[in-house]
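Chemist: The structure follows.
The values are calculated or read from the model by the stated rules, or taken from the named source; none is laboratory data. Everything numeric here is computed off the predicted structure, so don't read it as measured data. Heads up, the Cβs are rebuilt from the backbone with ideal geometry, glycines too, and the neighbour counts pull from every protein chain shown. Note: accessible area is taken over every heavy atom of the protein model, side chains too, but ligands, DNA and RNA are not part of it. Shrake-Rupley method; radii C 1.70, N 1.55, O 1.52, S 1.80 Å.
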Amino acid sequence: MAADYRTPDRLLPAAAEEPTTPPDQPPKPVLSAPAATHDGLRFWQYMLAGSVAGVVEHTAMFPVDTLKTHMQAGAPPCRPALSLGAALRNAVAGEGGALALYRGLPAMALGAGPAHAVYFSVYEFAKSALTQRLGPNNPAAHAASGVLATVASDAVFTPMDTVKQRLQLTSSPYTGVGHCIRTVLRDEGASAFFVSYRTTVVMNAPYTAVHFATYEAAKRMLGDLAADEESLAVHATAGAAAGALAAAVTTPLDVVKTQLQCQGVCGCERFSSSSIGDVFRTIIKRDGYSGLMRGWKPRMLFHAPAAAICWSTYEASKSFFERSNEGRRK
C-alpha cells in the first residue's frame with residue numbers, strides 16, 4: 001500500500017523501538033542519523049526518486065526548453081527577436097532537422113539527475129524539520145524548504161545547464177558536451193560555468209517558494225474533491241498549476257540567466273558585468289520591457305507539464321519504495 005503523505009511532517013529513526021536483548025548479550029547497534037527515515041523512506045530512496053523524476057521531466061520536455069533558449073538567448077541588433085513559431089523553424093532548419101531540438105540532451109541528463117536527487121532529498125528533510133517547529137501543512141515551511149532545496153541543487157546543475165544552453169543554440173560552435181567543457185575552460189575559465197549561479201538562485205528561490213506552496217495547497221484542495229488525495233491525477237494537476245504560476249512569475253530572471261549563460265556564443269551579446277541589475281538595464285535599453293518576458297510562452301508550456309510529470313514520477317517512485325520497504329518488513 002502506498003504511503004499516506006497527508007501527514008508528512010515526522011522524522012523517525014530507522015529503528016523506531018529499542019530492541020530488547022538478554023542481559024548477557026551486548027545491545028544491537030542503533031542505526032545512525034544518515035539512515036533516518038521520513039515517511040518510511042530512507043535518504044537514498046528520496047535521492048533516487050528525485051533523480052528519476054528530474055531526468056524523466058527534462059527529457060520529455062527538452063524540445064520546448066530548446067525553443068525557450070532560442071527565444072531568450074538574444075540576437076544581434078540586426079536580427080529581430082524570435083516568436084515561438086520562428087524559433088521552431090529556426091531550430092529545425094539547420095543540420096539535423098528535428099533532432100536539433102535535442103542538442104544538449106546529454107548535458108541535461110548529466111546535470112538533472114544529481115541535481116534533482118539533491119533537490120528532493122533536501123526538500124523532504126527540511127520540510128520535516130520546519131513543520132515540527134511551524135506545524136503541519138504550513139505554507140511557510142513548504143516555501144522555505146523549497147528555497148533551501150533549490151540553493152543546494154542549483155550549485156550542482158548550473159555548470160551543466162550552461163553547457164546545455166550553449167549546445168542548444170543554432171550553429172553552436174561546440175560538437176558535444178566534452179568539447180564545450182574543454183573550450184569554455186580554455187577560453188573563459190571555470191568561473192564561466194557559474195557566471196549565472198547567483199541569477200539562477202535569485203530566480204529559483206521565488207520560483208520554488210511559489211511552486212511548492214502552490215503545489216501543497218492545490219494538492220490539499222484537490223484532495224478534498226477527489227477520493228484519493230495521493231492519486232497520480234491529483235499530483236499531476238497540482239504540479240501543473242504550480243509549475244505554470246511559478247514560471248510566469250520568474251520569466252524576467254530566466255531571461256537574464258539565459259543571456260548570461262549564452263553570452264559571446266553565436267553572436268549573443270557579451271556583458272561587461274554579471275550583475276543582475278546591469279543585465280536587466282541592458283536588456284530594457286536594447287529590447288524594452290517586453291524583452292524581459294521573451295520566451296514566456298515556451299517557459300510556461302515547459303513548466304506546467306514538466307512539473308506534472310516530475311511530481312507524478314516522484315510520488316510514484318516514493319510509493320514503489322514504500323511498498324518495497326513494507327515487503328521487507330513483513
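Chemist: Tell me which of these Q132 doesn't satisfy, since it passes every other one: (1) out of contact with any Asp or Glu (no Cβ under 7 Å at 6 or more places or on another chain); (2) in contact (Cβ under 8 Å) with a residue 24 or more places away in the chain; (3) farther than 16 Å from Y215 by Cβ.
Modeler: Condition (1) is where Q132 drops out.
Chemist: Right, something else. Taking only pairs six or more apart or across chains, which ones have beta-carbon atoms under 8 Å, a first residue in segment 174-203 that is touching a residue at least 60 places away in the same chain (Cβ under 8 Å), and a second residue that is open to solvent by 60 Å² or more (accessible area, probe 1.4 Å)?
Modeler: Correct list of pairs: G176/P106; V177/P106; V177/L110.
Chemist: Only one of R328, R299 is in a helix (DSSP H, G or I), out of contact with any strand residue (DSSP E or B) (no Cβ under 6 Å at 6 or more places or on another chain), among the basic types (K, R) and open to solvent by less than 30 Å² (accessible area, probe 1.4 Å). Can you tell me which? Reasoning before the result, please.
Modeler: Values: R328 fails: open to solvent by less than 30 Å² (accessible area, probe 1.4 Å).
The match here is R299.
Chemist: If a residue counts only when it is surrounded by fewer than 19 Cβ atoms within 10 Å (Cβ to Cβ) and modelled with pLDDT under 90, which helices (runs of 4 or more DSSP H) contained entirely in segment 161-261 have at least 3 such residues?
Modeler: Details: elements: 177-187, 197-225, 232-249.
By residue number, 197-225, 232-249.
Chemist: Considering S290, S274, S312, which residue is small (G, A, S), open to solvent by 60 Å² or more (accessible area, probe 1.4 Å) and either under 30 Å from P159 (Cβ atoms) or part of a helix (DSSP H, G or I) (or both)? Before the answer, list the steps.
Modeler: Working: S274 fails: open to solvent by 60 Å² or more (accessible area, probe 1.4 Å); S312 fails: open to solvent by 60 Å² or more (accessible area, probe 1.4 Å).
Being small (G, A, S), open to solvent by 60 Å² or more (accessible area, probe 1.4 Å) and either under 30 Å from P159 (Cβ atoms) or part of a helix (DSSP H, G or I) (or both) holds for just one of S290, S274, S312, which is S290.
Chemist: Within the set of pairs 6 or more residues apart or between chains, which connect a residue that is under 15 Å from L232 (Cβ atoms) inside segment 300-321 to a residue that is part of a helix (DSSP H, G or I) and among the hydroxyl-bearing types (S, T, Y) with Cβ atoms less than 8 Å apart?
Modeler: Here the result reads A307/Y215; A308/T237; W311/Y215; K318/Y46, each pair linking segment 300-321 to a residue that is part of a helix (DSSP H, G or I) and among the hydroxyl-bearing types (S, T, Y).
Chemist: List the number of the failed condition for A152; all other conditions in (1) at pLDDT below 90; (2) more than 26 Å from K297 (Cα to Cα); (3) assigned to a helix (DSSP H, G or I); (4) of a type outside the set (V, I, T) hold.
Modeler: Here A152 meets the rest and fails (1).
Chemist: Quick one: which residue in L99, L84, L110, L134 is at pLDDT 90 or above and surrounded by fewer than 20 Cβ atoms within 10 Å (Cβ to Cβ)? Break it down stepwise before answering.
Modeler: Details: L99 fails: at pLDDT 90 or above; L84 fails: at pLDDT 90 or above; L134 fails: at pLDDT 90 or above.
On inspection, the qualifying residue turns out to be L110.
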